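What follows is a short report on a single structure.
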Amino acid sequence: MDSFEYRNGRLYCEEMSLDRIADEYGTPLYVYSRDALERAYLNYAQALEGRDALVCYAVKANSNIAVLNVLARLGAGFDIVSQGELERVLKAGGDPAKVVFSGVGKQPQEILRALEVGIHCFNIESEAELERINAVAAEVGAVAPVSFRVNPDVDAGTHPYISTGLKENKFGIAIERARDVYRHAATLDNVEVVGMDCHIGSQLTETRPFLDALERLLVLVDELAADGIQIRHLDLGGGLGVCYTDEQPPTPQSYIEAVLEKLGDRKLSLIFEPGRSIAANAGVLLTRVEFLKSNGDKHFAIIDGAMNDLIRPSLYSAYQEIIPVSLREEGETLNYDLVGPVCETGDFLGKDRQLNLQPGDLLAVCSAGAYGFVMSSNYNTRPRPAEVMVHDNQAYLVRKRESLGDLLHGEQLLPKDPH
Ligand code: LLP
């Protein structure tokens, strides 16, 4: 969270104090730092300088078009999982030739659109999907560049819901099957095998599982070479973790150095698909304390942000730091659960937090730039928050707050009953 710091007891994002931003745009509110996004992206790009490589930001982590545009201006590629994400990338000025298309259930019209704009590669997740892509490409006389997502069966050592590289997960093609699938693909007219990919999980805090996966992939690359199938690029997916509290994940630089060392003098080009490690610590969710209440020894701060705005704490028991926007010198520090207005016991953004609070106080939920707004919903008919991007001493509204009118748009009543 380097771009967020206290100055004279007030929390700033770059050169803007967060209380001023909240006064102007209201709460709950997502605030992103352009500088933090850029630096996080450049950590990858610089570590790969001089290599044939692409950093394809995983759009799912934060798909606001202003975020995508900031990264596109730096030359980023994008990892998408739907046509919707593709349209966002195009709208944000991203280069389709730097787009990789992941995901287990690509629809024919999504494949068509990706062929039409000329993406870099389809990351194929199953044999049935290979047939579909080949058929759709044949219909329009195209040849689709493809990679297979190999499931290397390694344990990423992360939360079971975000671990994806084990046999029991739905993702990818089992590594034992992969050689046959590649051989079959090589016989098809409307696909061209260009790569191999994997993604073993998210929020990894060690390099080891990545290297284990890479090792297994390289064995397969060599077997395929013996079959006359040349793999041009290796895509290692995303997954590098960030510091939410006291985790110490490897830096992109040390991770990439370890990968390059393992690759030795192989001529493979490289793709990475980082999401969280680019966006998480570039954003906060601002929320205001509505009421304080105590049931005996249990203290609650009822805040205006809820599980519909940021679901990670409820869904994964994820821990995100929650800090005051203005430090208070007087008053009592108590142990609070920070709970939202949604009618669910699981509606909390933090539990057992030592805070000195008064109604009206502003709080910042940290590391909320990834898997924050994108996972928000309208549960309890709550409009989703606005999003603001700070650049230096300016704040720009990059998504306006939803209105109640927006929420009802598209719904309609049944016709009147005849009697
Ligand atoms: N590539 C593929 C194929 C993926 O499935 C993912 C994330 C990424 C790249 C980006 O991974 P990252 O660098 O962000 O770890 N909602 C969960 C995280 C789900 C991740 C899903 N796949 C959370 O809030 O923790």
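The values are calculated or read from the model by the stated rules, or taken from the named source; none is laboratory data. On a predicted model such as this, the values are computed, not experimentally measured, just so you know. Positions of Cβ are backbone-derived with ideal geometry, glycine not excepted, and every protein chain shown enters the neighbour counts.
Here are the numbers:
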| quantity | calculated |
| --- | --- |
| Output for segment 368-395, where each listed residue is touching an Asp or Glu at 6+ places or on another chain (Cβ under 7 Å) and either modelled with pLDDT under 95 or part of a loop (DSSP other than H, G, I, E, B) (or both) | Ser376, Pro383, Arg384, Pro385, Asp392, Asn393 |
| Selection count, segment 356-367, where residues are more than 16 Å from the ligand (Cβ to nearest atom) and assigned to a strand (DSSP E or B) | 4 |
| Criterion (within 15 Å of the ligand (Cβ to nearest atom) and in the same structural domain as Glu192 (by TED's automatic domain parsing)) met by exactly one of Ser126, Ser82 | Ser126 |
| Check on Glu261, in contact with a Gly (Cβ under 9 Å, 6 or more places away or on another chain) and modelled with pLDDT of 95 or more | no |
| Search result, residues across segment 352-408 that are surrounded by 12 or more Cβ atoms within 10 Å (Cβ to Cβ) and at positive phi | Ser367, Tyr371, Asn380 |
| Extreme residue, nearest to Glu49 (Cα to Cα), among residues of segment 226-265 that are within 13 Å of the ligand (Cβ to nearest atom) and assigned to a helix (DSSP H, G or I) | Pro252 |
| Given (1) in a loop (DSSP other than H, G, I, E, B); (2) at negative phi; (3) within 29 Å of the chain's Cα centre (by Cα), index of the condition Leu349 fails | (1) |
| Residue selected from segment 92-103 under the condition among the aliphatic types (A, V, I, L, M) and surrounded by 14 or more Cβ atoms within 10 Å (Cβ to Cβ), by the criterion farthest from Gly75 (Cα to Cα) | Val100 |
| Candidate set from segment 209-233 (those that are in contact with a helix residue (DSSP H, G or I) (Cβ under 8 Å, 6 or more places away or on another chain) and within 13 Å of Arg183 (Cα to Cα)); member that is surrounded by the most Cβ atoms within 10 Å (Cβ to Cβ) | Ile231 |
